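Colleague: Just passing along the structure, written as structure tokens.
The values are calculated or read from the model by the stated rules, or taken from the named source; none is laboratory data. Being a predicted model, the structure only gives us computed values, none of them experimental. Because the Cβ atoms are built from the backbone with ideal geometry, glycine has one as well, and the counts that use them run over all protein chains shown. SASA here: full protein model, heavy atoms, side chains in, ligands and nucleic acids out. Shrake-Rupley method; radii C 1.70, N 1.55, O 1.52, S 1.80 Å.
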Amino acid sequence: MTILVTGAAGFIGSNFVLDWLSASNEPVVSLDALTYAGNAGNLASLKADQRHSFVHGSIGDAALVGRLLRQGQVRAVINFAAESHVDRSITGPAPFFETNVMGTLHLLEAVRGYLAELDEAARIAFRFLHVSTDEVYGTLGPDDPAFTETNPYLPNSPYAASKASSDHLVRSYRETFGLNTLVTNCSNNYGPYQFPEKLIPLVIHNALIGKALPIYGDGQQVRDWLYVGDHCAAIRLVLERAAPGATYNVGGNNQMANLEVVRTICALLDARRPRPDGKSYADQIAFVTDRPGHDRRYAIDASTIERDLGWRPAVAFGEGLARTVEWYLDHADWVADVTSGAYRDWIARHYG
Ligand code: NAD
Ligand code: DAU
């Protein structure tokens, strides 16, 4: 049997595939459209690995997906493929709906066609795991309880609206066609291979090249940070043990304001790679115009996955952030590769 991982050359997808093949011998077919956010080099260490194959293509190509499912006798799809950056969804929403909604629809249709050819036992054993986000729930006030799986969907950005739509689509395939779906709604991830448009890698990169560290608004927006390896472990567990149709919130139990996160990164860099002038990287912090519709606070109540499956985050934020800073310091070539061309255009357009 084989699993099909979509969006496998992105941040979480590549961490998941590397993690999967370090723990299991079950083959993986990686599918990725290699948008600006996808980097086949993230999976370069698997080049000679017989258990892995990489296919350059889109989840929107139902014929291609159908062929991959049949050739690999795939028993599960894990769908990471998406446009994932909130700021880009504000500048240009359309690709978010093309990929996250229509792409997911074509992927689901390909799966439905494939399952129609399988016997009942294989159909029952099959899983479609859709990787979603806490942003579908909207924003929290300072004293609101954390998001549970029963919170209403109140998406505020085009990105969140497209992810909410895809979650609804997946649900409808379960209810209407009996597809054995699983959905995970996770909080902010950080760790190796994250594209430096997102807060943590952007700040590390900008700090080292002497640029401003842009803080939107007052920097008091709260996110619930989770180390990417912990997210991958949660997905593995949900895939293997969760009942079909289940939805799980996954979070870090680690709420922090953006300004505090950035100051912590600066302190780590001050210790590990001091500035030549002896000043702190925190001197580079610059408050900039806020993101429109910026959600003030996210927090995940992960008690259901802990109770049902025994999952809880293993990596504390201080430890995870230190590992992450270390990874970016050790992978200057990777950063140089992904921050050329199109990346520079985005930074120039967005930050001016
Ligand atoms: P990412 O932007 O780093 O990676 C997305 C990957 O999907 C890229 O490799 C890209 O090339 C690929 N892709 C885009 N369109 C595609 C298409 N049509 N067909 C095939 N591949 C396509 O994103 P990420 O941060 O790794 O997020 C992965 C998933 O997890 C997304 O669905 C995202 O919504 C969700 N998520 C992310 C976070 C987070 O903090 N990063 C948290 C919760 C949920
Ligand atoms: O909550 C899960 C979500 O986390 C995922 O679904 C998204 O795919 C992922 O991108 C992330 O969304 P955020 O918008 O929370 O992540 P981002 O890293 O873009 O921003 C984190 C916080 O930092 C947010 O409050 C905005 C702020 N920020 C971000 C950037 C890029 C800044 O203050 N300055 C910046 O330059």
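Colleague: Hey, got the dipole for segment 181-294? About the Cα centre, +1 on K and R Cβ, -1 on D and E Cβ, debye to the nearest 20? Before the final figure, lay out each step's value.
Modeller: Values: 11 positive and 10 negative charges, 48 e Å.
The dipole of segment 181-294 has a size of about 240 debye.
Colleague: Quick one: dipole size for segment 252-352, taken about the Cα centre, charges +1 on Lys/Arg Cβ and -1 on Asp/Glu Cβ, in debye to the nearest 20.
Modeller: The dipole of segment 252-352 has a size of about 220 debye.
Colleague: Might you tell me the accessible area per residue for the chain, computed with a 1.4 Å probe and given in Å²?
Modeller: Ligands and nucleic acids excluded, the result is 42 Å² per residue.
Colleague: Could I ask something else about it? Excluding same-chain residues fewer than 8 positions from residue 198, which aspartates and glutamates have a Cα within less than 18 Å of its Cα?
Modeller: Qualifying aspartates and glutamates at Cα under 18 Å: 83, 87, 134, 135, 218, 224, 260, 290, 295, 326, 337, 345.
Colleague: Could you list which residues have their amide H under 5 Å from that of residue 186, counting only those 5 or more apart in sequence or on another chain, with H placed in the peptide plane?
Modeller: Close amide H contacts, sequence-distant or interchain: 132, 133, 134, 250.
Colleague: Which percent of the accessible heavy-atom area of segment 82-128 goes to carbon and sulfur, probe 1.4 angstrom?
Modeller: Within segment 82-128, the accessible surface is 60 percent carbon and sulfur.
Colleague: Nothing charged except the Cβ atoms of Lys and Arg (+1) and of Asp and Glu (-1): what's the magnitude of the dipole of the chain about its Cα centre? Round to the nearest 20 debye.
Modeller: 360 debye
Colleague: With equal scatterers on the alpha carbons only and no solvent term, can you work out the Debye log10 of I(q)/I(0) for segment 266-324 at 0.23, 0.25, 0.27, 0.29 1/Å?
Modeller: Evaluating at q = 0.23, 0.25, 0.27, 0.29 Å⁻¹ gives log10 I(q)/I(0) of -0.99, -1.03, -1.07, -1.11.
Colleague: For residue 102 and residue 316 in one chain, what is 0.36 nm times their gap in residues minus the Cα-Cα distance, to one decimal in nm?
Modeller: So the extension gain works out to 73.4 nm.
Colleague: Heavy atoms only, probe 1.4 angstrom, no DNA, RNA or ligands counted: give me 323, 51, 263 ranked by accessible area, highest first.
Modeller: 263, 323, 51
Colleague: Output the 0 to 90 degree angle, nearest 10, between the alpha-carbon long axis of helix 11-23 and the longest principal axis computed from the alpha carbons of the chain.
Modeller: Helix 11-23 sits roughly 60 degrees off the main axis of the chain.
Colleague: Would you work out which of 246, 128, 157 lies farthest towards the positive end of the dipole of the chain? Charges go on Cβ: Lys and Arg +1, Asp and Glu -1.
Modeller: Of the options given, the answer is 128.
Colleague: Give the long-range amide H neighbours of residue 216: residues separated by 5 or more places, or on another chain, with amide H under 5 Å away, using H modelled in the peptide plane at 1.01 Å from N.
Modeller: Those lying under 5 Å, H to H, from residue 216 are 288.
Colleague: Sticking with this structure for a sec: Whose amide H sits under 5 Å from the amide H of residue 127, counting only residues 5 or more places off or on another chain, with H placed in the peptide plane?
Modeller: 76, 77
Colleague: Whole Å is fine, so just give me how far the alpha carbon centre of segment 175-216 lies from that of segment 11-60.
Modeller: The distance from the Cα centre of segment 175-216 to that of segment 11-60 comes to 18 Å.
Colleague: Please give me the summed charge of the neighbours of residue 137: other residues whose Cβ is under 14 Å from its Cβ, Lys and Arg +1, Asp and Glu -1.
Modeller: Values: positive: 163, 223, 296, 297; negative: 134, 135, 144, 149, 167, 224, 295, 301.
Charge balance near residue 137 sits at -4.
Colleague: Ranked by accessible surface with a 1.4 Å probe, highest first, in what order do 346, 327 come?
Modeller: Heavy-atom accessible area, descending, gives 327, 346.
Colleague: What residue among 208, 185, 195 has its Cα farthest toward the positive end of the dipole of segment 172-329, where the charges are +1 on Lys, Arg and -1 on Asp, Glu, each on the Cβ?
Modeller: Farthest towards the positive pole: 208.
Colleague: Now, a different point. Send over the per residue convex hull volume for segment 172-307, Cα only, as a whole number of Å³.
Modeller: Roughly 133 Å³ of hull volume per residue.
Colleague: Let me ask something else. Taking the 0 to 90 degree range and rounding to the nearest ten, how far is the long axis of helix 317-330 tilted relative to the main principal axis of the chain, both from C-alpha atoms?
Modeller: Roughly 80 degrees, rounded to the nearest 10.
Colleague: One-quarter of the Cα convex hull surface for segment 88-214, in nm²?
Modeller: Orientation-averaged projected area of the Cα hull: 10.4 nm².
Colleague: In whole angstrom, how far apart do the alpha carbon centroids of segment 255-293 and segment 96-158 sit?
Modeller: Taking the Cα centre of segment 96-158 as reference, the centre of segment 255-293 is 34 Å away.
Colleague: In nm, to one decimal, how far is the modelled label at residue 267 from the one at residue 303, with both set 7 Å along Cα→Cβ?
Modeller: 3.0 nm
Colleague: Return a whole-number percent for the relative contact order of the chain, with Cα pairs under 8 Å and 6 or more residues apart as the contact set. Let's see the in-between values first.
Modeller: Numbers: 634 pairs, mean separation 60.7, N = 352.
About 17 percent, as a whole number.
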